[in-house]
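No value in this document is a laboratory result; all are computed from the given coordinates. Just so you know, these numbers come straight off a predicted model, no measurement behind them. Neighbour counts run over all protein chains shown; Cβ positions are idealised from the backbone, glycine included.
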Amino acid sequence: MMKILAATTAIATLGLMTGCATPAADEPALLTIDGSRLPPANVSMRIPGLSQCTDSGDHTLKLNAQQPVTVLVHGCFSSAGRYRGMAQVLAFHGQQTACFTYNDRDSLRVSAGQLDAALGQLARNMENKQITVLGHSQGALIARNAMSVSKPDAIEGKDLQLRLVTVSGPFGGIAAARHCGSPLWKTLSLGLVGPICQIVTGDKWSEITYTSPFIREPGPLDPRVKDFLKIMTDESGSCRRVSNGTCVESDAIFSLAEQRNPAVDSDPLVSIVEVKAGHVEIVGNNRTGPVKLIAVLQEHGVIKPTQPDRMEKFGQLLTRLFGEAAR
């Protein structure tokens, strides 16, 4: 009985350690995007899973069919509006976006299949077939799996030109979930580990451990993927929330070891960039702007360069979106 209780207690801690970029409670509703610098929209569509990068509830995409599009994939416990700031940064540079939303408790393979279907439907409505998919945290795992050549529900469209960008993805498996894939813990808990992990994390429980085929056998990328930028974050010592000069919430979610995976990192298409930044800091919140991520994305051509005569206005935008510290 003591062994079962010990196993249960250990697994229950996963509820606090699933590696999710939970937004701060005081973040405002993110409802609008200034599209004044975007090319005029000439197509309108409703695609399951895709929406504007806001929390407005408007799932109608209005895009310019002759221009590329960037699809943002959030991490767990998040939403399309969580990436409104990044979408606004892209819009400032004349680049259009859509956000993919999924059920956080679904299997990651199911979510990846839904992303495949959404991208295929998006491509059918676009004359320009260039699509960049940028996934953060758990969204990085979903994005990478969606672009695996071994997917039975592969993205439709032979003429697609895909680019994959992942940020802070736990490709090596989530350390806090190691008990879920451990034969020893399965024995000690008399088989209760699986059901407990499923209660805590949902149907993805068997996919986020270092022993799972999802992690160990990611599969080669679809040949239509022309480039893969993998951004790893050294999150050690980072802080998500400060009170009275003291860190009260760490922003260290995934170690570099959790983000490494030889089967992913050895891909000939991959470019790996390591950034010293916290897990939420890298994508920004209402206290910290994603300036480090923007710099990397501009260096690698994912975001267009900021013209010198627009730098002041860009700084003002970052301040409005993320606060004074963002500049």
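Can you give the extra length, in nm with one decimal, that the chain gains between residue 34 and residue 319 once fully stretched, where that is 0.36 nm per residue apart less the Cα-Cα distance?
Extra length from residue 34 to residue 319 when fully extended: 101.1 nm.
Quote the FRET efficiency, to the nearest 0.05, computed for residue 159 versus residue 42 with a Förster distance R0 of 22 Å and r equal to the Cβ-Cβ distance.
0.65
Largest first, please: the extent of the C-alpha atoms of the stretch 232-279 along each principal axis, to the nearest Å.
47, 15, 10
Using 0.36 nm per residue, how much length does the chain from residue 270 to residue 127 gain when fully extended, once their Cα-Cα distance is taken away?
Working it through step by step, the gained length comes to 48.8 nm.
Please give the peptides 311-319, 66-74 ranked by average Cβ packing (other Cβ atoms within 10 Å per residue), highest first, as a rough proxy for protection.
For the peptides 311-319, 66-74, the packing ranking is 66-74, 311-319.
Stretch residue 216-residue 250 to full length: gain in nm at 0.36 nm per residue minus the Cα-Cα span?
9.4 nm
Determine the alpha carbon to alpha carbon distance for each of 129/230; 226/304; 129/204 and list only those over 29 Å.
Table pairs above 29 Å Cα-Cα are 129/204.
Rounded to the nearest 0.05, what FRET efficiency do residue 241 and residue 103 have when you use their Cβ-Cβ distance and R0 = 30 Å?
For R0 = 30 Å, the calculated efficiency reads 0.65.
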